[in-house]
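Below is one structure, written out as structure tokens; the observations come after it.
The values are calculated or read from the model by the stated rules, or taken from the named source; none is laboratory data. Quick caveat: nothing in here was measured; it's all calculated off a predicted structure. Cβ placement follows ideal geometry from the backbone for every residue including glycine, while neighbour counts extend to all protein chains displayed. Areas reflect the complete protein model, heavy atoms only, side chains present, ligands, DNA and RNA absent. Shrake-Rupley method; radii C 1.70, N 1.55, O 1.52, S 1.80 Å.
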Amino acid sequence: QVQLVESGGGLVQAGGSLRLSCQASGRTSVNYVMGWFRQAPGKEREFVALISWNGGSISYADSVKDRFTISRDNAKNTVYLQMNSLKPEDTALYYCAAKRGIPTRIYENYDYWGQGTQVTVSS
């Protein structure tokens with residue numbers, strides 16, 4: 001079992017930046033793919049970014065490419081999402097998730113989820 005706790009969300013003006021963190025605990029010795037997903041009210045959960053256990057594979061949704069950066073520090077069991085040039089349409093509840101095996105953008109394939117951290121971008 002792995003427990004995930006997100007932090008770093010908040011209210012920011014358009015064009016601003018936020019850095020989300022996801023702290024993992026529990027069985028962190030397993031090499032997990034880590035993903036960030038988001039869900040806005042009335043919308044489906046959508047993929048944002050993922051990183052493989054060694055950072056060798058990174059992928060972004062087109063909507064955030066060149067604005068968001070995912071990274072991980074395995075020594076600290078933490079994954080980060082640096083979000084720059086934020087837009088009102090980035091407003092959502094952001095979730096961290098973990099899975100074993102092959103990286104994927106499909107949220108149903110992730111085994112462990114955090115509770116989410118709210119990001120609100122004002123115009």
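Excluding same-chain residues fewer than 8 positions from K43, which lysines have a Cα within less than 19 Å of its Cα?
Of all the lysines, those that pass the test against K43 - Cα under 19 Å, at least 8 places apart if same chain - are K87.
How far is the Cα center of region 88-111 from the Cα center of region 1-78, in Å?
The two parts, judged by their Cα centres, are 8 Å apart.
Excluding residues on the same chain fewer than 8 positions from K76, give the lysines whose Cα lies under 19 Å from its Cα.
Candidates past the 8-residue exclusion: K99.
Which one, S122, P41, G16, is farthest towards the positive end of the dipole of the chain when Lys and Arg carry +1 and Asp and Glu -1 on their Cβ?
Going by the Cα projections, it comes out as G16.
Within 10 Å of each candidate Cβ there may be at most 14 other Cβ atoms; applying that plus a DSSP loop requirement, which trypsin sites (Lys or Arg not before Pro) in region 29-94 survive?
The qualifying sites are K43, K65, K76.
If the chain were replaced by its equivalent ellipsoid, with semi-axes equal to the square roots of 5 times the Cα gyration tensor eigenvalues, what would those be, largest first, whole Å?
That gives 23, 14, 14 Å for the three semi-axes.
If I ignore ligands, DNA and RNA and count only protein heavy atoms, how much of D90 is accessible to a 1.4 Å probe, in Å² to the nearest 10?
Its heavy atoms expose roughly 0 Å² to the probe.
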